[in-house]
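Quick notes on the structure that follows.
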Amino acid sequence: DRVVLDDLLRQVIVAARDAEVTHLLLRTRDESPAAEAAPRAGFVLVQGERLWHGRLAPTSHTTTGVRDWSKDDVFPSFQVYSRAVPVAARQSMAMTVNEWSAIHDRHWQERGDGALVAEHDGRVVATARYARGSGQFTLISEPDMAAATDMLVTAVAERMEDAKRHIALIAAAGTTEDAALRRAGLIQEPEVYLLFCKRLVHPVREETYARAGIPITGG
């Protein structure tokens, strides 16, 4: 029902603003009632995503270029995101490292789960997060980094070998990721999911500058 959905989203937005939430993310099936209601509520489409499932099989004979993620990898991981995600999508969701860090959902991970990075020529080019029990994982890679992505997928498979199945939502435009998961034996569902974002709170620093009449330069 259009009225119910519109009112529900309105209540979510009001509650989020009261809680000083900076971004609201909404994921729904393509052509669903929620997908039609989201733009009316001010949500902007970020990207389409596809669900992959099955059992990951090793795709590389080595994982020497893969290591555990550390706090020092925050900015390198943000750079991977910036190179992998089109600028229009980043403008809708996260253009700075602080925004990018704020939108990460890690509630699906538990103690003992973790994150990995893959390097090429000493530079981080792909990242992944995984949950050992559920078999859920994320994957994002710079374009044309097939070998590094294969090593990363192999390392993820090793860490989740006890999971009954492996699942991931991957950006529909992620050709490098798609190819790696297909080589690893996962199956792509035909249905498309849509990720929407609504920005709610501007940084206080920018609001202060605006009130003071101080011009803001740069992007």
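The values are calculated or read from the model by the stated rules, or taken from the named source; none is laboratory data. Remember, it's a predicted structure, so these values are computed and weren't measured experimentally. Positions of Cβ are generated from backbone atoms using ideal geometry, with glycine treated the same way; all protein chains shown enter the neighbour counts. Ligands, DNA and RNA are excluded from the accessible area calculation, which covers all protein heavy atoms including side chains. Shrake-Rupley method; radii C 1.70, N 1.55, O 1.52, S 1.80 Å.
Tabulated results
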{"quantity": "Hits in the stretch 114-138 (condition: touching a Ser or Thr at 6+ places or on another chain (Cβ under 9 Å) and over 28 Å from P39 (Cβ atoms))", "calculated": "A115, L116, V117, A118, V124, V125, A126, T127, A128, R129, Y130"}
{"quantity": "Residue check, E31 within 17 Å of A168 (Cα to Cα), outside any strand (DSSP E or B) and open to solvent by 60 Å² or more (accessible area, probe 1.4 Å)", "calculated": "no"}
{"quantity": "Filtered residues of the stretch 184-193 (kept if touching a strand residue (DSSP E or B) at 6+ places or on another chain (Cβ under 6 Å) and buried (at least 21 other Cβ atoms within 10 Å of the Cβ))", "calculated": "L186"}
{"quantity": "Residue satisfying condition, being in contact (Cβ under 8 Å) with a residue 60 or more places away in the chain and in a loop (DSSP other than H, G, I, E, B), within set G112, G42", "calculated": "G42"}
{"quantity": "L181 vs. criteria surrounded by 22 or more Cβ atoms within 10 Å (Cβ to Cβ), at pLDDT 95 or above, among the hydrophobic types (A, V, I, L, M, F, W, C) and within 19 Å of D68 (Cα to Cα)", "calculated": "no"}
{"quantity": "Residue match in the stretch 51-66 (condition: open to solvent by less than 30 Å² (accessible area, probe 1.4 Å), among the small types (G, A, S), touching a strand residue (DSSP E or B) at 6+ places or on another chain (Cβ under 6 Å) and under 20 Å from S101 (Cα atoms))", "calculated": "no"}
{"quantity": "Selection count where residues are among the polar types (S, T, N, Q) and in a helix (DSSP H, G or I), scope the stretch 57-109", "calculated": "7"}
{"quantity": "R2 vs. criteria open to solvent by 60 Å² or more (accessible area, probe 1.4 Å), over 28 Å from E191 (Cβ atoms) and in contact (Cβ under 8 Å) with a residue 12 or more places away in the chain", "calculated": "no"}
{"quantity": "Test for D18: is it in contact (Cβ under 8 Å) with a residue 24 or more places away in the chain, exposed (fewer than 12 other Cβ atoms within 10 Å of the Cβ) and either in contact with a strand residue (DSSP E or B) (Cβ under 7 Å, 6 or more places away or on another chain) or over 29 Å from D121 (Cα atoms) (or both)", "calculated": "no"}
{"quantity": "Residue in the stretch 78-92 that is most open to solvent (accessible area, probe 1.4 Å), counting only those that are touching a residue at least 24 places away in the same chain (Cβ under 8 Å) and within 20 Å of T175 (Cβ to Cβ)", "calculated": "R83"}
{"quantity": "Residues (surrounded by fewer than 23 Cβ atoms within 10 Å (Cβ to Cβ) and assigned to a strand (DSSP E or B)) located in the stretch 128-155", "calculated": "R129, Q136, T138, I140"}
{"quantity": "Filter pass, A173 being touching a His at 6+ places or on another chain (Cβ under 8 Å) and either at pLDDT 95 or above or surrounded by fewer than 18 Cβ atoms within 10 Å (Cβ to Cβ) (or both)", "calculated": "no"}
